Amino acid sequence: MEGLKDGIMETENTEARPLNFLEKIIEDDLKAGRVPDNVIVTRFPPEPNGYLHIGHIKSICINFGLAQKYGGRCHLRLDDTNPAKEDMEYINSIKSDIHWLGFDWGNYEYYASDYYDQLFDIAVRLIKEGKAYVDSLTPEEMKEYRGTLTEPGKNSPDRDRPIEENLDLFMRMKNGEFPEGKYTLRAKIDMASPNINMRDPALYRIKYAEHPRTGKKWCIYPMYDFTHPISDAIEGITHSICTLEFEDHRPAYDWATSIDGIEHAPHQYEFARLNINYCLMSKRKLLYLVQNNFVTGWDDPRMPTISGIRRRGYSPEAMKDFVSRVGVAKVEGVVDYSLMEFCVREDLNKRAKRLMAVLDPLKIIIDNYPEGQVEYFEAENNPEDPESGKHKVAFSKELYIEKEDFMENPVKGYHRLYPGNEIRLKHAYYVTAVSVDKDEDGRITAVHCTYDPESKGGTTADGRKVKGTSHWVSADHALVAEVRQYDKLFKAECPGQATGNYLDDLNPDSLVVIEKAYIEEEAGNAKPGDYLQFIRNGYYMADSKDSTPEHMVFNRTVTLKDSWSKMKAKMGL
RNA sequence: UGGGAUGUAGUGUAAUGGUAACACUGCAGAUUCUGGUUCUGCCUUUGGGGGUUCAAAUCCCUCCAUCCCAGCCA
């Protein structure tokens, strides 16, 4: 399997990299003999309430990567304890996204709902031991009783309910005798704890939502703080790794794993989640964008979801490299979007097939080229990879180049086509602009050139140099395609920071559609999944949903680095 | 102002008592049949203040800043 192979290579390559704090903990544990059978067991535990996003890639790489590096295993566990929000669609997308990244959980696919019976039995035992009670406080009352950050809470009147009564009520909760909200099961810990999570946390609540896996079997569902640590213990997880916001839950985690009868309690470790500027990494907000049609779906190429970036043309290798460059630590920071783009470009540069596409066409006519003649030139598929071969491109008297590649009155530093200047048409001939045709409004409709027949293939015997090389397509041979120029979804580094509403920072130019771009014939063979570079324009991929042989659609994955436009900006153009 | 965490170039991450570094960004230049790639160079760093020590990013004290927590969400 390709992904697995990559993973192993990655492990080998990173041998020299300094250990991150999780690796140090694991190596210490291994050395000290604290790991049962010396097998590291991690888990990736998403809640199936949305699509996985770039932030999850970090967690996936940490959990699967650690297991791979230390010869252990990583479980996939869907944390499905809130049927009101969860859905089979999400479960399926999560699995396919992890596979796309090249990771595999083998037979270790688990669901928190697999443990509902065991969890229930443990809850009953807690009640019998006087460590849990059924509470009739309403949500509002419970909030009141909980106290505040600075004041302790107070005990619920139901806290000392007799064990038998608790047992009876809990059974009746399970049997569906009460409406939602009527009762909860709570752990009896400490209402005065400075840690709010320890102020008698809810263990079970009543919910009549249909569960994607257990259907209507249950009407009470266990809470995260109860479910997660016990699920970890059941599966023999050795290192339970989560994000920083769960630090405050660690005492609750330890409380649950120290319940009598739970063997080899795992430990929870927390790392800083991945934040990237110009991106939103909140499932709730992403869901809002989807539901309100600010984007076309979870897999809109502008979305920071795994399915979105895949459709856009990002490669799993690039993203794994990105995550590894970001590193693992406990500092809450924001990574530059430019680092992600760098990783994507670096990977795509090695693998993308080079093609010519003219997105904003300007006709050029080679006056001294024979009418009706067609020549085919060989174009290398990828100069970075000599093994990648060549393909043919048709050349004829009438061609298109980019409007941007011609200036009637060139600015300083411009070394593309302008009257009297000679440039190279990539793979083909040297041409010199001689005159322009204009319409009655003075707009240029075509540029007349002459070519040097001695420059065939792009070089001349006299060895003279030209400063500019343009890509082009033959007007008679070009195919027409739709090109979707994607850019950042948000125009602000931190969406919502300025006005308090992230919708205000949506980038109005995040998608610019070019209905009719001219592409060379070879591009007609491109399929979704093929990494392409339209020379001098950027990296592209055929759209997996909308592209058909009759109407090809290409997504811009990322632009090329562009020092010319930077220079233009500096000159105020 | 309760509790939990975190502060190292613009950004991210190393250095665990012994010369503060790597990558990205930015800037400058060379190379180039992509103003891409590649190569070279430059810029900029230990939150503040004390203390211990021959020596502190690292240990101690203190102050400051930022983040997380008051769901019957995860």
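The values are calculated or read from the model by the stated rules, or taken from the named source; none is laboratory data. Just so it is clear, the structure is predicted and the values come from calculations on it, not from any experiment. Here the Cβ positions follow ideal geometry from the backbone for every residue, glycine too, while neighbour counts run over all protein chains shown. For the accessible areas, the whole protein counts, side chains as well, though only heavy atoms, and no ligand, DNA or RNA atoms are used. Shrake-Rupley method; radii C 1.70, N 1.55, O 1.52, S 1.80 Å.
List the number of the failed condition for A:Lys217; all other conditions in (1) in a loop (DSSP other than H, G, I, E, B); (2) within 11 Å of RNA strand B (Cβ to nearest atom); (3) open to solvent by 40 Å² or more (accessible area, probe 1.4 Å) hold.
Condition (2) is where A:Lys217 drops out.
Kindly state which strands (runs of 3 or more DSSP E) lie completely within the range A:523-573 and contain at least 2 residues that are away from RNA strand B (no atom under 11 Å from the Cβ), closer than 27 Å to A:Gly468 by Cα and open to solvent by 70 Å² or more (accessible area, probe 1.4 Å).
The strands (runs of 3 or more DSSP E) meeting that bar number zero.
Does A:Val411 meet the test of being more than 15 Å from RNA strand B (Cβ to nearest atom), β-branched (Val, Ile, Thr) and surrounded by fewer than 20 Cβ atoms within 10 Å (Cβ to Cβ)? Before you say what the answer is, go through the steps one by one.
Working: more than 15 Å from RNA strand B (Cβ to nearest atom): no; β-branched (Val, Ile, Thr): yes; surrounded by fewer than 20 Cβ atoms within 10 Å (Cβ to Cβ): yes.
Taking the combined requirement at face value, the residue does not satisfy it.
Please give the number of the condition A:Lys330 fails out of (1) open to solvent by 50 Å² or more (accessible area, probe 1.4 Å); (2) in a loop (DSSP other than H, G, I, E, B); (3) under 27 Å from A:Tyr540 (Cα atoms); (4) basic (Lys, Arg).
Of (1) open to solvent by 50 Å² or more (accessible area, probe 1.4 Å); (2) in a loop (DSSP other than H, G, I, E, B); (3) under 27 Å from A:Tyr540 (Cα atoms); (4) basic (Lys, Arg), only one is false for A:Lys330: (3).
Can you name the condition, by its number, that A:Met303 falls short on among (1) surrounded by fewer than 23 Cβ atoms within 10 Å (Cβ to Cβ); (2) hydrophobic (A, V, I, L, M, F, W, C); (3) assigned to a loop (DSSP other than H, G, I, E, B)?
It is condition (1) that A:Met303 fails.
Quick check on the range A:225-247. Is at least one of its residues part of a helix (DSSP H, G or I), more than 30 Å from A:Ile91 (Cα to Cα) and at pLDDT 95 or above?
Restricting attention to the range A:225-247, the residues satisfying the condition of being part of a helix (DSSP H, G or I) are A:225-235, A:244-247.
Going one step further and asking which of them are more than 30 Å from A:Ile91 (Cα to Cα), we end up with none.
No: the range A:225-247 contains no residue that is part of a helix (DSSP H, G or I), more than 30 Å from A:Ile91 (Cα to Cα) and at pLDDT 95 or above.
Between A:Glu341, A:Glu371, A:Glu380, A:Glu387, which is open to solvent by 20 Å² or more (accessible area, probe 1.4 Å) and at pLDDT below 95?
Selected residue: A:Glu387, the only one of A:Glu341, A:Glu371, A:Glu380, A:Glu387 that is open to solvent by 20 Å² or more (accessible area, probe 1.4 Å) and at pLDDT below 95.
What residue, of A:Tyr278, A:Tyr253, is buried (at least 19 other Cβ atoms within 10 Å of the Cβ) and under 25 Å from the mean Cα position of the chain (by Cα)?
Details: A:Tyr253 fails: under 25 Å from the mean Cα position of the chain (by Cα).
Sole residue among the options that is buried (at least 19 other Cβ atoms within 10 Å of the Cβ) and under 25 Å from the mean Cα position of the chain (by Cα): A:Tyr278.
Of the numbered conditions (1) polar (S, T, N, Q); (2) within 14 Å of RNA strand B (Cβ to nearest atom); (3) out of contact with any strand residue (DSSP E or B) (no Cβ under 9 Å at 6 or more places or on another chain); (4) part of a helix (DSSP H, G or I), A:Ser96 satisfies every one except a single condition; which is it?
(2)
Any chance you could count how many residues in the range A:302-345 are within 8 Å of RNA strand B (Cβ to nearest atom) and over 22 Å from A:Asp562 (Cα atoms)?
The total comes to 10.
Can you tell me which of A:Thr499, A:Thr459 is without any contact (Cβ under 8 Å) to a residue 24 or more places away in the chain, of a type in the set (Val, Ile, Thr), more than 10 Å from RNA strand B (Cβ to nearest atom) and surrounded by fewer than 16 Cβ atoms within 10 Å (Cβ to Cβ)? If you could, list the steps in order and put the result at the bottom.
On the way: A:Thr459 fails: more than 10 Å from RNA strand B (Cβ to nearest atom).
Exactly one of A:Thr499, A:Thr459 is without any contact (Cβ under 8 Å) to a residue 24 or more places away in the chain, of a type in the set (Val, Ile, Thr), more than 10 Å from RNA strand B (Cβ to nearest atom) and surrounded by fewer than 16 Cβ atoms within 10 Å (Cβ to Cβ), namely A:Thr499.
Considering only the range A:346-365, state which residues are assigned to a helix (DSSP H, G or I), open to solvent by 10 Å² or more (accessible area, probe 1.4 Å), more than 6 Å from RNA strand B (Cβ to nearest atom) and in contact with a Phe, Trp or Tyr (Cβ under 9 Å, 6 or more places away or on another chain).
Of everything in the range A:346-365, those that are assigned to a helix (DSSP H, G or I), open to solvent by 10 Å² or more (accessible area, probe 1.4 Å), more than 6 Å from RNA strand B (Cβ to nearest atom) and in contact with a Phe, Trp or Tyr (Cβ under 9 Å, 6 or more places away or on another chain) turn out to be A:Asp347, A:Arg351.
Would you tally the residues in the range A:502-527 being free of Cβ contacts under 8 Å to residues at least 24 places away in the same chain, under 30 Å from A:Ser396 (Cα atoms) and of a type outside the set (Lys, Arg)? Steps first, please.
Start the filter on the range A:502-527 by keeping residues that are free of Cβ contacts under 8 Å to residues at least 24 places away in the same chain, which leaves A:504-505, A:507-509, A:525, A:527.
Restricting the remaining residues to those that are under 30 Å from A:Ser396 (Cα atoms) gives A:525, A:527.
This time we only want the ones that are of a type outside the set (Lys, Arg), so: A:525.
Final tally of qualifying residues: 1.
Is it fair to say A:Arg172 is at negative phi, open to solvent by 10 Å² or more (accessible area, probe 1.4 Å) and not in a loop (DSSP other than H, G, I, E, B)? It would help to see each step written out before you state the result.
Values: at negative phi: yes; open to solvent by 10 Å² or more (accessible area, probe 1.4 Å): yes; not in a loop (DSSP other than H, G, I, E, B): yes.
Yes.
So the check is Cβ under 9 Å with 6+ separation or different chains; which pairs have a first residue in the range A:73-99 that's open to solvent by 50 Å² or more (accessible area, probe 1.4 Å) and a second one that's acidic (Asp, Glu) and near RNA strand B (Cβ under 9 Å from one of its atoms)?
Here the result reads A:Lys85/A:Glu47, each pair linking the range A:73-99 to a residue that is acidic (Asp, Glu) and near RNA strand B (Cβ under 9 Å from one of its atoms).
Which residues, counting only those in the range A:227-270, are touching a Leu at 6+ places or on another chain (Cβ under 7 Å), within 12 Å of RNA strand B (Cβ to nearest atom) and over 18 Å from A:Gly72 (Cα atoms)?
Hits for the range A:227-270 are A:Thr227, A:Glu270.
Among A:Glu210, A:Glu165, which is more than 11 Å from RNA strand B (Cβ to nearest atom) and within 23 Å of A:Pro83 (Cβ to Cβ)?
Values: A:Glu165 fails: within 23 Å of A:Pro83 (Cβ to Cβ).
So the residue among A:Glu210, A:Glu165 that is more than 11 Å from RNA strand B (Cβ to nearest atom) and within 23 Å of A:Pro83 (Cβ to Cβ) is A:Glu210.
What pairs can you find where one residue is in the range A:462-474 and assigned to a strand (DSSP E or B), the other is within 7 Å of RNA strand B (Cβ to nearest atom) and open to solvent by 10 Å² or more (accessible area, probe 1.4 Å), and their Cβ atoms are less than 8 Å apart, with a gap of 6+ or different chains?
Taking only residues 6 or more apart or on different chains, the pairs are A:Thr469/A:Arg424; A:Thr469/A:Lys426; A:Ser470/A:Arg416; A:Ser470/A:Arg424; A:Ser470/A:Lys426; A:Ser470/A:Arg536.
So which of A:Asp135, A:Asp114, A:Asp121 is more than 36 Å from the chain's Cα centre (by Cα), under 17 Å from A:Ser231 (Cα atoms) and either open to solvent by less than 80 Å² (accessible area, probe 1.4 Å) or among the acidic types (Asp, Glu) (or both)?
On the way: A:Asp135 fails: under 17 Å from A:Ser231 (Cα atoms); A:Asp114 fails: more than 36 Å from the chain's Cα centre (by Cα).
Going through A:Asp135, A:Asp114, A:Asp121 in turn, just one is more than 36 Å from the chain's Cα centre (by Cα), under 17 Å from A:Ser231 (Cα atoms) and either open to solvent by less than 80 Å² (accessible area, probe 1.4 Å) or among the acidic types (Asp, Glu) (or both): A:Asp121.
Could you please find all residues in the range A:184-205 being more than 6 Å from RNA strand B (Cβ to nearest atom) and either of a type in the set (Gly, Ala, Ser) or open to solvent by less than 30 Å² (accessible area, probe 1.4 Å) (or both)?
Hits for the range A:184-205 are A:Leu185, A:Arg186, A:Ala187, A:Met191, A:Ala192, A:Ser193, A:Met198, A:Arg199, A:Asp200, A:Pro201, A:Leu203, A:Tyr204.
Which residues, taken from the range A:391-408, are open to solvent by 20 Å² or more (accessible area, probe 1.4 Å) and within 11 Å of RNA strand B (Cβ to nearest atom)? Before the answer, list the steps.
Applying the first criterion (open to solvent by 20 Å² or more (accessible area, probe 1.4 Å)) to the range A:391-408 yields A:392, A:397-398, A:400, A:403-404, A:407-408.
Correct list: A:Glu404, A:Met407.
Hey, among A:Glu245, A:Glu164, A:Glu210, which residue is touching a Pro at 6+ places or on another chain (Cβ under 8 Å) and surrounded by fewer than 15 Cβ atoms within 10 Å (Cβ to Cβ)? Give the derivation first.
On the way: A:Glu245 fails: touching a Pro at 6+ places or on another chain (Cβ under 8 Å); A:Glu164 fails: touching a Pro at 6+ places or on another chain (Cβ under 8 Å).
Selected residue: A:Glu210, the only one of A:Glu245, A:Glu164, A:Glu210 that is touching a Pro at 6+ places or on another chain (Cβ under 8 Å) and surrounded by fewer than 15 Cβ atoms within 10 Å (Cβ to Cβ).
Please identify the pairs in which a residue from the range A:371-398 that is on the phi < 0 side of the Ramachandran plot has its Cβ atom under 7 Å from the Cβ atom of a residue that is assigned to a strand (DSSP E or B) and among the β-branched types (Val, Ile, Thr), counting only partners at least 6 apart or on another chain.
From the range A:371-398, the pairs are A:Tyr376/A:Val393; A:Phe377/A:Val393; A:Ala379/A:Val393; A:Lys397/A:Ile365; A:Lys397/A:Ile366; A:Glu398/A:Ile365.
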